[in-house]
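No lab work stands behind these numbers, since they all come straight from the coordinates. Note that the coordinates shown come from a computational prediction; the quantities given were computed from them, not determined experimentally. Positions of Cβ are backbone-derived with ideal geometry, glycine not excepted, and every protein chain shown enters the neighbour counts.
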Amino acid sequence: GLSALLLGLLMATFFRNSIAGPVQRLGDIAARIRDGDLTAQARAESSDEIGQFALTFNSMTDRLRATIGSLEQQYSMSRGIMAAGTLSELIGVVVERGTVPVINRAVLNLFEYDDAGTVTAMVVHANWSSGVGTQPSPVGTRYRTADVPIIDHLLAHEPVVFADVQTDPRTDPATAAVVGE
């Protein structure tokens, strides 16, 4: 009888340490995450199923954190877009709060047409600058097609790709000068 009791106690202790304890700790981590602590991470105490579950749990929490971060960024951008009072502010919101990797200025240009439907100029309608590098042209700046030949390339129905804007023969001197700054 005594040996059966000792064996039972040993088995109960083993069960508590190897199964019930890790499961309880995973439950505690789950409760922290439920309460909003997305930094909580489960400790993989073994390489068995419970350890694999802890690793999977951590991966799920990481993805949840990334998804919430993305949603918060999109929410911030949408609020900024709704609050923008000008096109320049709108461009700034999209560039600053969006996922544009590296940009130091943005410009919205619209074309002017003559009565025959030919583009005669390109006019800056909005701009934004990070304050780094060359500042964009002021709103209202008008570039005549005759003075800035690159406008014709912007009107092409094909992508315009420059290997080197400064030496590409399609680049007009004014654009090359701005890029060179």
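Of note:
- For the range 77-156, Kirkwood radius (reciprocal of mean inverse C-alpha pair distance, Å): 13.9
- Spin-label model, residue 39/residue 123: points 7 Å from Cα along the beta carbon direction are separated by 5.3 nm.
- Charged-residue dipole, Cβ positions (Lys, Arg, Asp, Glu), the range 22-98 about Cα centre, Debye nearest 20: 140
- You can think of it this way: the chain between residue 139 and residue 76 has 20.1 nm of extra reach, that is 0.36 nm per residue less the Cα-Cα gap.
- Once the Cα gyration tensor of the range 2-73 is diagonalised, semi-axes √(5λ) in Å: 35, 11, 6
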